[in-house]
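Report on the following structure.
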Amino acid sequence: MTTAQHITQASYLLAAALFIFSLRWLNSPKTARQGVAAGVAGMVFAIGGTLLHPDIVSYKWIAIALVVGTVVGIPLSWVPLTAVPQRTALSHAFGGLAAGLVGTAKYMLWLEDGGLTHFRTAAIVVEVILGFLTFTGSLMAAGKLQEVLPTRPLTYRNQNVVNFTLLGIAVLSGIYLIVNPETWQLFPVVVVLSLVFGVLLILPIGGADMPTVISLLNSYAGLAAVAMGFVLENMLLVIAGALDGSSGFILSVIMCRAMNRSFTNVLFGAFGQVSAVQAAGEARTVKSATPQDVADILENASSVVVVPGYGMAVAQAQHRIRELYDQLTKRGIQCRFAIHPVAGRMPGHMNVLLAEAEVPYTALAEMDDINPDLPQTDVVIVVGANDVVNPAARHDTKSPIYGMPIINADKAKTVIAIKRSMNPGFAGIENELYYADNCLMAFGDAKAVLGDIVKALSGEAVAIH
Ligand code: NAP
């Protein structure tokens, strides 16, 4: 091996180790920044090592690609946090497209110079199928999340049969191609069917289920990168792709478990369809409270738990929550945050927003850790959370969220729910918590209501909204 090759291999080894540490450190808010830095450093070593690679044919094209990638990538990082799921979907789409195009280019090059072996063709077929279906599937997911495409599930009769027939034809054509690598006529068939399958796979899935689908597509993009690593004989790509693929898969499993849903239900259940709010037998009433009432209740409490949800993200109320936390802790009132694994619309949504507002991560507690403390808690403030505190999940076998683990906010002595109306959340169902005797509704935008509560706590006059 030449010196350049040695340096390339050493930087790949370093990059692989950094990627593994990065994932490990991203596991906890305490080390998350370190994790991001390790990931970036790993990428620098990976790119640096590749640039030294003696087989590089053209630095000019690499420079052009780096410029284009930077020009597209920088504005993509400016999106607001609420748009991160669709931005992530776009990144996966690019990853899938890159894998699909590299596979296509390699197939054509090897077809020309007679370099196609069965193994190489097998790696290319896997790369191309997963790459192109991830490309169109992720574009559809991004479109649904951005609402440029209809977010409701688009279904028709025998949809799953049609989808799997298409995928079946693509896979069979791929197998034929592996056995007879020179049958180039089948290659475009595999490409087109994979592109179409990506679209058809996502159409019947509701917009709100997209975060789960995106982490699944993330794992497909990772597997496509593994196949690309075999095609390009690049072990770092194989390692990085395997890490990407497995972490995406683990994340989708965690999300499905936290929603008590199965993969098949997410992929084929057309769940995101928001059903009309159930007509309750008799008209029930709720009790409302003003920000001043809430402040009075809080002043007499000794323990408070805040349950943030999707509404906190919509209202961007995390800074007001931090101010509330400061006011309460200043008075010696214990204030903690109960984080449900699927609160919001993406994994870690609440943690990221609270970290942005510099809420100490030691005040954050996971659902299973905080639930046993809730019956002894004086006040639970539910900020724009709905499904994740709906007691129906515990006992109503007919409820679409039956079996989903929830934060037992209803068990606290007093519950204050901040939301704008009686509208349902993501699952489209009524929440019996709001009608409970110990629950008070503080209606309004979470940011405004919390701002008024903080003002009232600090003795300022609060305008009546
Ligand atoms: P949710 O059930 O969707 O409810 C959010 C509530 O926020 C709504 O009821 C809404 O009521 C309120 N809201 C919206 N804007 C608001 C504002 N500006 N101010 C105050 N309130 C506002 O949210 P969640 O309890 O966080 O549950 C998350 C749901 O998403 C779960 O069903 C979960 O399964 C699903 N999901 C999550 C993920 C994930 O990764 N986190 C992925 C896929 C699906 P109003 O309109 O009345 O204000």
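The values are calculated or read from the model by the stated rules, or taken from the named source; none is laboratory data. All figures in this text were calculated on a predicted structure; none of them were measured in a lab. Heads up, the Cβs are rebuilt from the backbone with ideal geometry, glycines too, and the neighbour counts pull from every protein chain shown. In case anyone asks, the SASA skips ligands and DNA or RNA and just uses the protein heavy atoms, side chains included. Shrake-Rupley method; radii C 1.70, N 1.55, O 1.52, S 1.80 Å.
Take each of the peptides 70-77, 135-142, 170-177, average the number of other beta-carbon atoms within 10 Å over its residues, and list them starting from the highest.
Packing order, densest peptide first, comes out as 135-142, 170-177, 70-77.
So what J values fall out for segment 386-396 if you push phi through Karplus, 6.51 cos²θ - 1.76 cosθ + 1.60 with θ = phi - 60°, rounded to Hz, Gly and Pro as x?
Listing the rounded values in order: 9, 4, 6, 10, 7, x, 4, 4, 7, 10, 8 Hz.
Quote the charge dipole size of segment 325-398 about the Cα centre in Debye, to the nearest 20; the model charges only the Cβ of Lys and Arg (+1) and of Asp and Glu (-1).
Here segment 325-398 has a charge dipole of around 160 debye.
Quick one: grab the alpha carbon gyration tensor of segment 16-169, order the square roots of its eigenvalues as a ≥ b ≥ c, and give me rounded if a/c is under 1.5, else prolate or oblate depending on whether a/b is larger than b/c.
oblate
Please list, ordered by chain and number, the residues whose modelled amide H lies under 5 Å from the amide H of Gly444; skip anything fewer than 5 residues away on the same chain.
Under 5 Å from the amide H of Gly444: Lys419, Arg420, Ser421.
Within segment 3-60, which trypsin sites (Lys or Arg not before Pro) sit in a loop by DSSP and count at most 14 neighbouring Cβ atoms inside 10 Å?
Qualifying residues, ordered by number: Lys30.
Go through segment 335-349 residue by residue and turn each phi into a ³J(HN,Hα) via Karplus (6.51, -1.76, 1.60, θ = phi - 60°); whole Hz please, and just put x for glycine and proline.
10, 10, 10, 9, 9, 7, x, 10, 5, x, 10, 8, x, x, 3
Below 17 Å, Cα to Cα, which aspartates and glutamates can Lys413 reach? Residues fewer than 8 away in the same chain don't count.
By straight Cα distance, Lys413 reaches Asp293, Asp296, Glu299, Asp373, Asp378, Glu432, Asp437.
With charges only on Cβ, +1 for K and R and -1 for D and E, what is the dipole size of the chain about its Cα centre, in debye, rounded to 20?
180
Assuming R0 = 35 Å, what is the FRET efficiency of Ile175 and Met235, from their Cβ-Cβ distance, to the nearest 0.05?
The value I calculate is 0.85.
Scan around Ile381 for amide H atoms under 5 Å from its own, H built in the peptide plane at 1.01 Å from N, and keep only partners 5 or more places away or cross-chain.
Val305, Val306, Val307, Ile416
With charges only on Cβ, +1 for K and R and -1 for D and E, what is the dipole size of segment 346-465 about its Cα centre, in debye, rounded to 20?
It comes to approximately 280 debye.
Over what distance in Å are the Cα centres of segment 165-196 and segment 240-260 separated?
A separation of 28 Å, based on Cα centres.
Going by average Cβ density within 10 Å per residue, which order do the peptides 199-206, 256-263 take, highest to lowest?
The most tightly packed comes first, giving 199-206, 256-263.
Note down the net charge around Ala123, summing +1 for each Lys or Arg and -1 for each Asp or Glu among other residues with Cβ under 12 Å from its Cβ.
0
Around Ala365, under 13 Å between beta carbons, what's the net of Lys plus Arg minus Asp minus Glu among the other residues?
Summing Lys/Arg as +1 and Asp/Glu as -1 gives -3.
Determine the relative contact order of the chain: mean sequence separation of Cα pairs under 8 Å and six or more apart, normalised by residue count, in whole percent.
Reported relative contact order: 13 percent.
With a/c under 1.5 counting as rounded, go ahead and sort segment 396-437 into rounded, prolate or oblate using the C-alpha gyration tensor (a ≥ b ≥ c being the square roots of the eigenvalues; past the cut-off, prolate if a/b is larger than b/c, else oblate).
Note, shape of segment 396-437 comes out oblate.
Put +1 on the Cβ of every Lys and Arg and -1 on every Asp and Glu Cβ in the chain; which of Phe337, Gly425, Tyr435 then has its Cα farthest towards the positive end of the dipole?
Checking the options against the dipole of the chain, the answer is Gly425.
In the calculated pair distance distribution of segment 312-361, what percentage of Cα-Cα distances lie above 13 Å?
Across segment 312-361, Cα pairs with separations above 13 Å total 57 percent.
What's the carbon and sulfur percent of segment 116-246's accessible surface, probe 1.4 angstrom, rounded to a whole number?
72
Quick check: Cα centre of segment 281-341 to Cα centre of segment 40-112, how many Å?
So the separation of the two Cα centres works out to 44 Å.
From the residues Gln86, Tyr361, Ala105, which one has its Cα farthest along the dipole of the chain in the positive direction, the dipole being from +1 and -1 charges on Cβ of Lys/Arg and Asp/Glu about the Cα centre?
Result: Ala105, furthest along the dipole toward the positive end.
In terms of modelled amide H atoms, which long-range or inter-chain residues lie less than 5 Å from the amide H of Glu430?
Gln278
If you roll a 1.4 Å probe over segment 353-443 with all protein chains in place, what percent of the accessible area is carbon or sulfur?
48
Which value, in Å to one decimal place, does the Kirkwood hydrodynamic radius take for the chain when every pair of different Cα atoms is included?
Computed over Cα pairs of the chain, the Kirkwood hydrodynamic radius comes out at 24.5 Å.
Can you compute the helix-only [θ] at 222 nm over the chain? Use -39500 (n - 2.57) per DSSP H run of at least 4 residues, normalise by all residues, nearest 500 deg cm²/dmol.
Roughly -19000 deg cm²/dmol at 222 nm, from the helical runs in the chain.
Using 0.36 nm times the number of residues separating Phe443 and Tyr402, minus their current alpha carbon distance, what extension gain do you get?
Result: 12.1 nm gained on full extension.
Keeping all protein chains in place, calculate the accessible area per residue for the chain (probe 1.4 angstrom), answer in Å².
48
Specify whether the C-alpha gyration tensor of segment 105-171 places it in the rounded, prolate or oblate class, a ≥ b ≥ c being the square roots of the eigenvalues: rounded for a/c under 1.5, otherwise prolate if a/b is larger than b/c and oblate if not.
Oblate shape, in that a/c is at least 1.5 and b/c is the bigger or equal ratio.
May I ask you to order 213-220, 115-122 by the average number of other C-beta atoms within 10 Å around their residues, highest value first?
The densest-packed peptide leads the list: 213-220, 115-122.
Return one quarter of the surface area of the convex hull spanned by the alpha-carbon atoms of segment 1-94, equal to its mean projected area, in nm².
7.4
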